[in-house]
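The structure appears below as structure tokens.
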């Protein structure tokens, strides 16, 4: 469960414990099961790309997948972009709306996702459970609003880059 404290003096957010992105092997098995359930075949190209994504620590660019697949001699650029599109549409990867113009993605599980994004090192940390979810659930119950999807990204500097430990 995520615990949050706001430090109003410098408007930063300190959180413990933080949940890293889904563990690669667990994510990979879940995506493979979803593909199979959806009637998709697991081609060698698709398996190579999913493995590359599962092994990435932190945000990645589509062109990094293209380069990785090309190094394996496995995939064309359109194949990579089609798979990235499917993974985004189904919620298996999420786009990080980084301050730069580039598109960055992270592994995630389908559903409502929130991230803490460090603008110094690019680390993206998944926020799950805790007060954020409690607040949103109370707000939705109070307003009767039905959410179809959402994006919550908090940008700042992580504890490692700031030289401090999370509280």
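Table for the structure above
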| quantity | calculated |
| --- | --- |
| Unmet requirement for residue 125, which otherwise passes all of (1) within 24 Å of residue 26 (Cβ to Cβ); (2) in contact with a strand residue (DSSP E or B) (Cβ under 7 Å, 6 or more places away or on another chain); (3) at pLDDT 85 or above | (3) |
| Unique residue being at pLDDT 90 or above, over 22 Å from residue 148 (Cβ atoms) and touching a helix residue (DSSP H, G or I) at 6+ places or on another chain (Cβ under 8 Å) when the list is 51, 42 | 51 |
| Subset of the stretch 133-153 [surrounded by 15 or more Cβ atoms within 10 Å (Cβ to Cβ) and touching a strand residue (DSSP E or B) at 6+ places or on another chain (Cβ under 6 Å)] | 153 |
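The values are calculated or read from the model by the stated rules, or taken from the named source; none is laboratory data. No experiment lies behind these values; they were computed from the predicted model shown. Neighbour counts run over all protein chains shown; Cβ positions are idealised from the backbone, glycine included.
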